[in-house]
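Following: one structure in structure tokens, then a few remarks.
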Amino acid sequence: MKNRLKEVIESLIFISLEPLTLEKIKSILTEFPDGEVELAIKELLENYVSNERGIQIIQSAGGYLFSTKPEHDSWIRRLLKVERKNKLSPAALETLSAIAYHQPTTLAEISALRGVDSTHTLKTLLIKKLIKIVGRKKSPGKPLIYRTSDKFLTHFGLNSIQDLPSPEELSKILEEESILEEEDKDSQ
């Protein structure tokens with residue numbers, strides 16, 4: 001029955017159009033104890049990591065979903081004749097970063113962080129569903145409050161917002177990139 005449970009969970013993840021959460025899986029598989037379901041998911045994930053398949057099960061946006069392995073990306077794009085995800089402009093990435101690291105936040109706060117008006121960029125991110133409006137701030141004018149969405153997590157391959165690099169990690173990455181750029185300039 002245990003192998004069958006893994007097969008059922010695999011089928012549920014496969015057919016789901018969005019990341020399937022543990023809670024949702026448990027709510028569907030009520031005839032199995034929670035611990036058994038959790039163990040089956042753990043074993044299923046281990047099976048996919050340990051074998052040589054072109055697909056994998058990953059955790060994203062608080063749930064599980066099937067994904068192709070990144071190393072096969074060029075062939076998949078060739079098959080589908082599509083380019084990589086629409087690239088975000090530097091302004092959109094900067095705005096998204098401000099929201100991700102300072103959420104919940106308002107337009108005024110985002111614009112102050114960036115030093116420019118962010119109205120247009122916010123609209124673009126809302127259309128792309130990378131951010132969402134979660135209410136109004138209890139302050140004069142009652143400005144809208146923005147947060148990142150589950151689509152943001154999926155787009156960037158994050159399981160939760162806590163998976164973002166810390167400011168210290170970002171500083172270290174930027175410092176390493178700066179050193180590499182300097183070495184490239186010196187070698188030319």
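Among the residues of the stretch 124-142 satisfying the criterion of being in a loop (DSSP other than H, G, I, E, B) and surrounded by 15 or more Cβ atoms within 10 Å (Cβ to Cβ), which is nearest to the chain's Cα centre (by Cα)?
Among those residues, the one meeting the criterion is LEU130.
Tell me which of these LEU153 doesn't satisfy, since it passes every other one: (1) of a type outside the set (Asp, Glu); (2) over 30 Å from LYS6 (Cα atoms); (3) surrounded by 13 or more Cβ atoms within 10 Å (Cβ to Cβ); (4) under 19 Å from the mean Cα position of the chain (by Cα).
(2)
Within the stretch 22-49, work out how many residues are surrounded by fewer than 13 Cβ atoms within 10 Å (Cβ to Cβ) and among the aliphatic types (A, V, I, L, M).
The number of residues fulfilling the criteria is 1.
Return the residues of the stretch 93-141 that are closer than 19 Å to ILE161 by Cα and touching an Asp or Glu at 6+ places or on another chain (Cβ under 7 Å); say none if nothing qualifies.
HIS102, the sole residue that qualifies.
Every read-out reported here was derived from the displayed coordinates using simple, explicitly stated rules and does not represent laboratory data. Note that the structure is predicted; figures quoted are calculated from it, not measured. Here Cβ is always computed from backbone atoms with ideal geometry, including for glycine, and neighbour counts include all displayed protein chains.
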